[in-house]
Amino acid sequence: MTKIDMTNALRLPAGSVDLAAFDPRATPGLPEGEGKEDGYKRLAELDAELSDLQERLFAAGRSNPASAPRILLVLQGMDTSGKGGVIRKAVGLVDPQGVQITAFKAPTAEERQHDFLWRIRRALPKPGMIGIFDRSQYEDVLVARVEGLVEPEVWQSRYEQINAFEQESAESGITIIKCFLHVSRDEQAERLQERLDDPAKHWKYSPGDLITRAHWDQYQAAYRDVLERCNTEVAPWFVVPADRKWYRNWAVAQLLLEHLRSLKLEWPEADFDVTEQKELLKRLS
């Protein structure tokens with residue numbers, strides 16, 4: 001079977017970024033000739049190993065929290081790019097008790113009293129956990145920029161603050177996986193139309209989605225700067241084509257698996273005499 005290396009297939013090279021050069025319908029990393037059904041099959045096949053590695057991570061957090069690693073999966077993208085779908089289909093393969101999900105909305109009154117990273121720091125995963133950010137610190141150089149919520153000099157200064165924060169987080173034992181879910185303008189229109197046509201999907205729709213869509217070009221420019229200026233060695237960006245939902249979900253799940261593998265997780269050793277406990281159990285049976 002062809003070896004899958006999604007980490008290298010999707011990792012954004014350092015340097016300038018031209019989003020138009022990335023095809024939102026592409027399937028990088030998927031073996032040639034494979035398609036939708038293969039993608040579904042591959043996603044299902046990740047279940048056992050993902051579950052095993054995530055349980056090892058969780059066990060490390062319980063047995064030795066001082067040294068247990070943590071994972072932070074950042075999901076960023078335009079409306080309808082599929083952040084929720086990834087959480088359900090990809091992250092949904094692992095035990096929910098080992099996952100912390102934070103969806104960042106507009107800052108609350110309390111959050112506005114602090115610097116923009118305050119609420120982000122509070123949501124970082126605990127030892128042994130997989131943290132999921134549905135949107136993230138990058139909203140403060142995306143929405144804040146495009147919607148003019150702060151002065152240019154304010155959001156301009158935030159790129160380096162974010163890089164420093166991510167460096168600090170990595171040094172504390174957090175493996176950061178940043179995924180830009182790259183959806184096309186045409187595909188977004190289709191997905192918004194589906195939400196309007198289906199009463200069961202009206203809850204997913206917000207009139208504000210069209211306001212954001214009206215600023216498509218400005219958001220693309222803002223994302224380009226985010227990808228260029230916050231693509232570091234300790235926290236690189238992965239550009240995930242998101243027009244094909246089945247591919248997007250598999251790609252992120254595969255990325256998560258590869259990063260879990262890289263931690264070389266072992267089961268914690270027992271802090272008791274196993275043989276003695278077996279004998280005691282035998283006597284009590």
Is segment 1-58 best put as rounded, prolate or oblate by its Cα gyration tensor, with a ≥ b ≥ c the root eigenvalues, rounded for a/c under 1.5, and otherwise prolate when a/b is larger than b/c, oblate when not? oblate
Interchain or long-range residues, amide H under 5 Å from M129's placed H: I71
Relative to the longest principal axis of the chain, what angle (0 to 90°, nearest 10) does the C-alpha long axis of helix 216-229 take? 50
With the 1.4 Å probe rolled over protein heavy atoms, segment 173-285 has an accessible area per residue in Å² of 53
For segment 55-159, size of Cβ-based charge dipole, Lys and Arg +1, Asp and Glu -1, in debye: 480
Among 170-179, 148-157, 188-197, how do they line up by average Cβ neighbours within 10 Å per residue, starting with the highest? 170-179, 188-197, 148-157
Taking H placed 1.01 Å from N in the peptide plane, check which residues at least 5 places from W237 or on another chain put their amide H under 5 Å from its amide H. L12, T232
DSSP loop GluC sites (Glu not before Pro) in segment 221-285 with at most 14 other Cβ atoms within 10 Å of their Cβ, which ones? E233, E266, E269
Per-bin percent of Cα-Cα distances, the chain [5 Å]: 1, 5, 11, 15, 17, 16, 13, 9, 5, 3, 2, 2, 1, 1, 0
Taking the solvent-accessible surface of protein heavy atoms with a 1.4 Å probe, what is the per residue accessible area of segment 1-146 in Å²? 49
Rounded D (µm²/s) - segment 1-153, Kirkwood Rh over Cα pairs, Stokes-Einstein at 37 °C, 0.692 mPa s: 180
Rounded to the nearest 10, the angle in degrees between the Cα long axis of helix 152-171 and the longest principal axis of the Cα atoms of the chain comes to 10
Cα-based reach from K178 at 19 Å (exclusive), listing lysines while leaving out same-chain residues under 8 positions away: K83, K89, K105, K126, K245
Estimated translational D of segment 137-185 in µm²/s (Stokes, Kirkwood radius over Cα pairs; 4 °C; 1.567 mPa s): 105
Taking protein heavy atoms only, a 1.4 Å probe, and rounding to whole percent, the accessible area of the chain owed to carbon and sulfur comes out at 50
Before rounding to the nearest 500, sum -39500 (n - 2.57) across all DSSP H runs of length at least 4 in the chain and divide by the residue total; then give [θ] at 222 nm in deg cm²/dmol. -14000 deg cm²/dmol
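The values are calculated or read from the model by the stated rules, or taken from the named source; none is laboratory data. As the structure is a prediction and not an experimental result, all values here were calculated from the model. Here Cβ is always computed from backbone atoms with ideal geometry, including for glycine, and neighbour counts include all displayed protein chains. Accessible surface areas use protein heavy atoms only, side chains included; no ligands, DNA or RNA. Shrake-Rupley method; radii C 1.70, N 1.55, O 1.52, S 1.80 Å.
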